[in-house]
Amino acid sequence: QVQLVESGGGLVQAGGSLRLSCAASGSIFSISDMGWYRQAPGKQRELVATIAAGGSTNYVDSVSGRFTISRDNAKNTVYLQMNSLKPEDTAVYYCNRRVFGMDSWGKGTLVTVSS
């Protein structure tokens, strides 16, 4: 069973930056579509960004131009570079892997942006 382990969350002031990492176990990372989702207190989980196996990316409008998703297939790792953070970016961020129609999730990492 695949394991996804997120890291890099923390407390940052508005306008600051963080880089999240998600390390995946298993041998099929390179053919997996990867993504980052987030869930703020009292809200539903929402898509933040995805990166397909072929490298194409997609972002929710609220983070476009501020966040960058990338992947390193040699390290089985997907990253989320978050710049110009805003208090409304505060949430638990989850790593997602989708392959062969199946989703796997990490346990999440908390990002808190203070004003």
field: Estimated dipole of the chain in Debye, rounded to 20 [Cβ of Lys and Arg +1, of Asp and Glu -1, Cα centre]
entry: 120 debye
- prompt: Mind checking which lysines have their C-alpha under 30 Å from Lys43, skipping anything on the same chain fewer than 8 residues away?
  reply: Lys86, Lys107
message: I'd like the accessible area for Val92: 1.4 Å probe, protein heavy atoms, all chains in place, Å² to the nearest 10.
response: 40 Å²
statement: Full extension between Asp103 and Glu88 adds, at 0.36 nm per residue less the Cα distance, a length in nm of 2.8 nm
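Of Tyr94, Tyr59, which has the most accessible area with a 1.4 Å probe, and how do the rest follow in descending order?
Of Tyr94, Tyr59, the descending order of accessible area is Tyr59, Tyr94.
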Kirkwood Rh in Å, taken over all unlike Cα pairs in the chain: 14.0 Å
query: Taking a label point 7 Å from the Cα of Gln13 along the Cα→Cβ vector, which residues of the stretch 83-115 have an amide N closer than 18 Å to it?
result: 83-90, 112-115
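Please work out whether the stretch 23-74 counts as rounded, prolate or oblate from its C-alpha gyration tensor, where a ≥ b ≥ c are the square roots of the eigenvalues and a/c under 1.5 means rounded, while otherwise a/b larger than b/c means prolate and anything else oblate?
Oblate shape, in that a/c is at least 1.5 and b/c is the bigger or equal ratio.
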statement: Once normalised by the length of the chain, the mean sequence separation of its alpha carbon contacts under 8 Å that are 6 or more apart gives a contact order in percent of 36 percent
query: How big is the accessible area of Ile31 in square angstrom, nearest 10, if you roll a 1.4 angstrom probe over the protein chains?
result: 90 Å²
query: Heavy-atom accessible area of Lys43 with all protein chains present, probe 1.4 Å, nearest 10 Å²?
result: 140 Å²
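The values are calculated or read from the model by the stated rules, or taken from the named source; none is laboratory data. In this text, all values refer to a predicted model and were calculated from it rather than measured experimentally. Positions of Cβ are backbone-derived with ideal geometry, glycine not excepted, and every protein chain shown enters the neighbour counts. Heads up: the accessible areas ignore ligands, DNA and RNA and are worked out on the full protein's heavy atoms, side chains in. Shrake-Rupley method; radii C 1.70, N 1.55, O 1.52, S 1.80 Å.
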